[in-house]
Amino acid sequence: MCLGLKVAAHHHFRELVLLRRVRDRIDTEYAQPLDVEALACIAGLPVAVFVRRFQDAYGLSPHDYRRAAEAIRNREAPAARSKVA
């Protein structure tokens, strides 16, 4: 593998790690307002590039990802309560 490809692969991997960190933050701070600027800062990317890269990585924009995660939590919550009762 040529040096240029190694550097590009390393950069891409690092970006994916940062995007995963952002996704984890969205999951853990779901009760807080979604601050795309702050999330882009975590990833070290401009907002427009961040949204595009997040969508490339996860198939959804950050807002859509959060809505989908919220819908899943809402569906699972009644099931979890019925198991406890």
Practice item. Please tell me the relative contact order of the chain in percent, rounded to the nearest whole number, where contacts are Cα pairs under 8 Å and at least six residues apart. Key: 23 percent
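For Tyr58, Tyr30, what's the fewest-to-most ordering of other Cβ within 10 Å of each Cβ?
On the way: Tyr58 17, Tyr30 12.
Placing the least packed residue first, the sequence is Tyr30, Tyr58.
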Review point. Taking 1 over the mean of 1/r across every pair of different Cα atoms in the chain, what Kirkwood radius in Å do you get?
Key: 14.4 Å
Review point. Gain in length, Val17 to Glu76, computed as 0.36 nm per residue apart minus the alpha-carbon separation, to one decimal in nm?
Key: 18.5 nm
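Throughout, read-outs are computed from the coordinates displayed, never taken from laboratory work. Since this is a predicted model, take the numbers as computed values, not measurements. Note that each Cβ is placed from the backbone with ideal geometry, even for glycine, and that neighbours are counted across all protein chains shown.
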